[in-house]
Amino acid sequence: MDHKSDKNDAVEQQAGGQSMWGGRFASGPSAIMQEINASIGFDKRLYREDIAGSKAHASMLASVGVISQPDCDAIHKGLDQVAAEIEAGKMVFDPALEDIHMHVEARLRELIGDAGARLHTGRSRNDQVATDFRLWTRGAIDALDAQFAGLLGALIDQAEKHAGTVMPGFTHLQTAQPVTLGHHLMAYHEMLSRDRARLSDCRARVNESPLGAAALAGTSFPIDRHMTAEALGFDRPMANSLDAVSARDFALEFLSVLSISAVHLSRLADEIVLWASAAFRFLTLSDAYSTGSSIMPQKRNPDAAELIRAKVGRISGSMNGLMMVMKGLPLAYSKDMQEDKEPVFQAVDDFELCLAAMTGMIEDLKPNADVMAEAAGQSFSTATDLADWLVRVLNLPFRDAHHVTGSVVKAAEQLGVDLKDLPLEAMQTIEPRITSDVFDVLSVEASVSSRTSFGGTAPENVKKAVTAARKALK
């Protein structure tokens with residue numbers, strides 16, 4: 001590790017010329033200790049939240065008479081300057097100051113003197129970081145909600161265009177029954193809508209304020225935690241000071257939601273990879289979301305989809321990593337919890353990219369309708385329609401109709417034809433009561449049109465679902 005020689009000395013010069021640990025420690029930490037202890041490399045992302053929390057805390061301290069109004073005004077003005085310096089790239093981040101909280105406070109004291117030193121009255125870095133982290137997570141949820149809306153809108157648009165575009169539906173990746181592309185895309189709309197709802201539920205539990213819980217036991221100063229909670233847009237202050245500083249279940253829940261949704265995105269991405277392959281040829285992706293090969297000039301690789309498929313490992317890994325950090329920690333705060341933010345930051349970065357890439361691909365994809373329609377009729381995909389007809393018209397028990405249909409499929413296999421091309425006489429040798437009316441249900445178009453039960457694939461159902469989804473999205 002390459003540290004400047006004055007780094008250790010800098011520890012003794014922190015905030016106002018004193019070590020932040022006070023007079024107990026006679027010497028600064030070793031370079032290794034300084035490196036493992038510092039979090040400024042990643043928690044500098046919290047500077048906006050840290051400054052917002054400090055402003056709210058200062059206003060509250062002034063309102064209850066703990067600090068003067070002139071000191072509060074100076075703190076607000078100084079914090080605005082600190083924010084401007086950070087945003088302009090003028091802040092020099094020093095590992096000796098450990099984290100963003102000490103950087104902001106140290107610079108504030110340089111700017112306004114003793115008034116800046118009064119800011120930390122009635123709070124601790126423990127409740128301060130918990131507050132910052134909740135504010136950041138809330139902001140991330142709100143940003144992701146907007147991205148979810150964009151992806152859901154793209155799915156709705158494509159589903160509306162292709163409400164009647166026939167394709168094979170699969171079970172076990174074997175052709176099962178005809179469906180429509182619009183119905184298939186709306187299935188992912190349903191999944192991702194639930195993810196969005198989970199995100200909203202998570203936000204409600206994130207949105208409680210730890211500020212004022214101090215180190216772990218609260219404070220003897222006459223603070224007003226409801227005031228700071230309201231100023232920061234929280235629903236309420238957290239009810240227990242020990243819980244307020246030590247709880248990270250909000251971050252675990254957030255990562256859980258992202259992990260579940262990443263699985264959904266991965267499933268859709270995998271289908272895009274399959275559908276874009278030469279074996280399927282169900283759709284074409286433009287150059288915007290494909291790459292070529294360094295050696296095979298004919299290749300068009302769906303790399304964006306493949307990378308989304310891979311990101312689920314990183315996102316779920318972040319959740320598992322934080323689970324292990326929090327496992328077995330006694331109340332209240334332990335330094336282990338410094339490791340809480342990096343996995344969340346990384347997961348959000350990855351997930352934002354996945355949402356953006358998937359939205360772009362859904363908007364970009366061009367289905368090959370003729371290829372999908374041909375594939376939809378293969379593998380005797382309308383066999384269930386034949387069985388249903390036998391039940392509905394001939395009043396056969398379904399299990400008997402299933403057996404008859406199996407025999408008809410076997411006859412078609414032996415002749416090398418699809419069900420709709422099997423001669424009526426061949427069917428009647430198996431079940432004499434079958435009439436030519438049966439051919440009305442054996443085309444893929446007739447099959448999908450007949451699936452009118454609620455949630456079924458019939459084009460009219462898809463159009464109704466699209467209308468309802470668009471209304472809900474607005």
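The values are calculated or read from the model by the stated rules, or taken from the named source; none is laboratory data. On a predicted model such as this, the values are computed, not experimentally measured, just so you know. For neighbour counting, all protein chains shown are included, and Cβ atoms are generated from backbone atoms with ideal geometry for every residue, glycine included. What goes into the accessible areas is simple: the full protein's heavy atoms, side chains included, and nothing from ligands, DNA or RNA. Shrake-Rupley method; radii C 1.70, N 1.55, O 1.52, S 1.80 Å.
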Quick one: how many residues across the stretch 73-101 are open to solvent by 10 Å² or more (accessible area, probe 1.4 Å), among the aliphatic types (A, V, I, L, M) and modelled with pLDDT under 95? 3
Tally the residues that are assigned to a loop (DSSP other than H, G, I, E, B) and surrounded by fewer than 17 Cβ atoms within 10 Å (Cβ to Cβ), restricting the search to the stretch 266-279. 3
Keeping to the stretch 246-264, report how many residues are of a type in the set (D, E, K, R) and part of a loop (DSSP other than H, G, I, E, B). 1
Which members of the stretch 186-230 meet the condition of being under 31 Å from the mean Cα position of the chain (by Cα) and assigned to a loop (DSSP other than H, G, I, E, B)? Asn207, Pro210, Leu211, Gly212, Ala213
When you look at Leu442, is it hydrophobic (A, V, I, L, M, F, W, C) and under 13 Å from Pro178 (Cβ atoms), yes or no? yes
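Among the acidic types (Asp, Glu), at pLDDT 95 or above and open to solvent by less than 50 Å² (accessible area, probe 1.4 Å), is that true of Asp132? Break it down into steps so the answer makes sense when it comes.
Working: among the acidic types (Asp, Glu): yes; at pLDDT 95 or above: yes; open to solvent by less than 50 Å² (accessible area, probe 1.4 Å): yes.
So Asp132 fits the description; yes.
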If I ask for residues that are of a type in the set (A, V, I, L, M, F, W, C), buried (at least 19 other Cβ atoms within 10 Å of the Cβ) and outside any loop (DSSP other than H, G, I, E, B), which ones from the stretch 28-51 would you list? Leu46, Ile51
Within the stretch 276-283, can one find any residue that is in contact with an Asp or Glu (Cβ under 6 Å, 6 or more places away or on another chain) and within 30 Å of Glu160 (Cβ to Cβ)? no
Can you tell me which of Gln128, Gln147 is closer than 30 Å to Ala468 by Cβ, of a type in the set (S, T, N, Q) and out of contact with any Ser or Thr (no Cβ under 7 Å at 6 or more places or on another chain)? Gln147
What about Leu424, is it without any contact (Cβ under 8 Å) to a residue 40 or more places away in the chain, in contact with a Ser or Thr (Cβ under 6 Å, 6 or more places away or on another chain) and surrounded by fewer than 16 Cβ atoms within 10 Å (Cβ to Cβ)? yes
Here are the criteria: (1) open to solvent by less than 50 Å² (accessible area, probe 1.4 Å); (2) at pLDDT 95 or above. Tell me which single one Phe380 does not satisfy. (2)
Just checking, does the stretch 360-372 include any residue being among the β-branched types (Val, Ile, Thr), open to solvent by 70 Å² or more (accessible area, probe 1.4 Å) and over 25 Å from Arg45 (Cβ atoms)? no
Take the stretch 188-213 and flag every residue that is under 19 Å from Lys471 (Cβ atoms) and among the small types (Gly, Ala, Ser). Ser193, Ala197, Ser200
Criterion: modelled with pLDDT of 95 or more, touching a helix residue (DSSP H, G or I) at 6+ places or on another chain (Cβ under 7 Å) and closer than 22 Å to Asp370 by Cα - qualifying residue of Ala465, Ala446, Ala458: Ala458
Looking only at the stretch 143-166, decide whether some residue is touching a residue at least 12 places away in the same chain (Cβ under 8 Å), out of contact with any Cys (no Cβ under 9 Å at 6 or more places or on another chain) and in a strand (DSSP E or B). yes
Looking at Gly212, Gly233 in this structure, which one is among the small types (Gly, Ala, Ser), over 17 Å from Met337 (Cβ atoms), surrounded by fewer than 16 Cβ atoms within 10 Å (Cβ to Cβ) and touching a residue at least 24 places away in the same chain (Cβ under 8 Å)? Gly233
Quick one: in the stretch 102-116, of everything that is in a helix (DSSP H, G or I) and surrounded by fewer than 16 Cβ atoms within 10 Å (Cβ to Cβ), which residue is modelled with the lowest pLDDT? Asp114
Only helices (runs of 4 or more DSSP H) wholly contained in the stretch 392-452 count here; list those with 3 or more residues that are polar (S, T, N, Q) and within 48 Å of the chain's Cα centre (by Cα). 444-450
